[in-house]
Amino acid sequence: MFIVKLSMTIGWDGKGRLMKTDSNIFSCLDKAFWMVWGALPFVMGLRIYFLFTSAYFSAGGTACGEKPIMEFSLAGKILACSFLGIGIVFYIILLGLMHALIRQFQHGSLFVERTLKCMTRISVVLIAWPFVILVLFNATSYGLFRFGDLQDWALKYGLDLPLIAAGLIIFALRLVISHAIKLHHDAQFTI
């Protein structure tokens with residue numbers, strides 16, 4: 001019953017493909033993602049400029065009285081740039097996975113295994129990233145303290161809970177879609 005209602009809502013033709021009118025929505029989203037990819041160098045350049053000219057690394061993660069990255073020692077600049085590079089790579093990976101999911105939807109692959117794999121990857125990245133960035137931030141700020149670029153060091157404990165929640169929601173949605181696919185296949189083989 002869930003599949004029938006969902007197929008009427010989004011225009012699913014019953015064979016795992018979208019109808020033409022719904023693919024227009026995904027086509028517009030695909031074009032929007034290409035615009036984001038085009039603007040990415042500019043946005044990343046602004047972000048890097050902000051991080052280099054502000055006191056991003058400091059005791060407790062607050063920007064009070066510490067030096068900006070461009071005033072660090074050479075070893076401190078390399079360490080801070082490595083940390084910032086890993087953060088940029090995370091956003092590029094997440095953007096790429098989301099764009100791949102939209103492109104699958106655009107080509108009509110809605111209730112298929114590839115969609116479930118892509119949703120799983122997105123949820124794993126969203127759930128794992130806050131833990132990874134917390135460890136990397138603490139290690140980087142400790143390294144900067146040891147290099148003498150920071151005056152004080154304190155362990156940071158905060159996690160990005162909304163990001164973890166978004167990953168859990170996407171994973172739960174993936175489980176619901178997986179169950180719906182199984183129910184649909186069972187219904188097809190029932191006489």
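Couple of notes before you dig in:
- Label point at Val132 placed 7 Å out along Cα→Cβ; residues across segment 29-52 whose backbone nitrogen lies under 14 Å: none
- Extension gain for the segment Arg103 to Gln151, taken as residue separation times 0.36 nm less the Cα-Cα distance, is 12.5 nm to one decimal.
Values in this text are rule-based calculations from the coordinates and carry no lab data. What you are looking at is a predicted structure, and each value in this text was computed from that prediction instead of being measured. Positions of Cβ are backbone-derived with ideal geometry, glycine not excepted, and every protein chain shown enters the neighbour counts.
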